[in-house]
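These notes are about the structure you will find just below.
The values are calculated or read from the model by the stated rules, or taken from the named source; none is laboratory data. Remember, predicted model here, so these are calculated numbers, not experimental data. Cβ placement follows ideal geometry from the backbone for every residue including glycine, while neighbour counts extend to all protein chains displayed. Ligands, DNA and RNA are stripped out before the accessible areas are found, and what is left, the full protein with its side chains, is counted by its heavy atoms. Shrake-Rupley method; radii C 1.70, N 1.55, O 1.52, S 1.80 Å.
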Amino acid sequence: MAILDILNYPDPRLHTVAKPVKEVDANIRRLIEDMAVTMYDAPGVGLAATQVNQHIQLLIIDTSETKDQLQVFINPRIIEKSGVQEYEEGCLSVPGVYESVTRAEIVKVEALDKSGKKFTLIAEGLLSVCIQHEMDHLLGKVFVEYLSPLKRNRIKNRMLKLKRDR
Ligand code: GNR
Ligand code: NI
């Protein structure tokens, strides 16, 4: 098990569109393990493969209080969504930034689990937000792209300055 490096905004690799996973094999299972320790270490409630520079359709989420309820989504598809909710979002790729984003309230998702078995899930609240946030990563989209250009530029410049000063 290894803690992986997380790409930081505005790294252009965060805008890569992820490809479908062809087979849930030992390599994928090792990546899931490494992503899980990386997410729990950060700590975060979700992580997309894109953020660890692996451009495949894989994301993990654990919104439980006890941090022992890992959910794995491979090749996820949103097949229904309804309502709207606003949530103060953060992102491990944009450390220290929390901004309100409007998304669907409820999503119905179809995906493969870590054994390659298809499942369907209806999610609301933080889990729904997380699924949408992580699926955006797989499309090469970071949550700050929902903000105004002014806010986004301020965040971009702050991130670049942080990187310079490191
Ligand atoms: O840890 C995370 N917290 C969070 C809070 C509100 C909305 C979305 C998230 S996801 C984020 C981890 C992350 O960056 N996943 O891509
Ligand atoms: Ni994120």
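When residues of region 113-138 are filtered for being open to solvent by less than 40 Å² (accessible area, probe 1.4 Å) and within 16 Å of Ala49 (Cα to Cα), how many remain? Counting residues in region 113-138 that are open to solvent by less than 40 Å² (accessible area, probe 1.4 Å) and within 16 Å of Ala49 (Cα to Cα) gives 9. Can you confirm whether region 50-62 contains a residue that is closer than 15 Å to Gln132 by Cβ and surrounded by fewer than 19 Cβ atoms within 10 Å (Cβ to Cβ)? Scanning region 50-62 turns up no residue that is closer than 15 Å to Gln132 by Cβ and surrounded by fewer than 19 Cβ atoms within 10 Å (Cβ to Cβ). Within region 17-34, is even one residue under 19 Å from Ile122 (Cα atoms) and within 16 Å of ligand 2 (Cβ to nearest atom)? Checked region 17-34: no residue is under 19 Å from Ile122 (Cα atoms) and within 16 Å of ligand 2 (Cβ to nearest atom). All of Lys81, Lys151, Lys141, Lys108 fail the test of being assigned to a loop (DSSP other than H, G, I, E, B) and of a type in the set (Lys, Arg), apart from Lys141. For Val94, the requirement of being in contact with a strand residue (DSSP E or B) (Cβ under 6 Å, 6 or more places away or on another chain) and open to solvent by less than 50 Å² (accessible area, probe 1.4 Å) is not met. The C-beta contact set for region 117-129 (first residue in contact (Cβ under 8 Å) with a residue 12 or more places away in the chain, second residue in a strand (DSSP E or B) and surrounded by fewer than 14 Cβ atoms within 10 Å (Cβ to Cβ), distance under 9 angstrom, 6+ apart or interchain) comprises Thr120/Ile79; Ile122/Glu80; Ser128/Ile122.
Screening the candidates Ile74, Ile79 for the property of being out of contact with any helix residue (DSSP H, G or I) (no Cβ under 7 Å at 6 or more places or on another chain) and open to solvent by less than 10 Å² (accessible area, probe 1.4 Å) yields one hit, Ile74.
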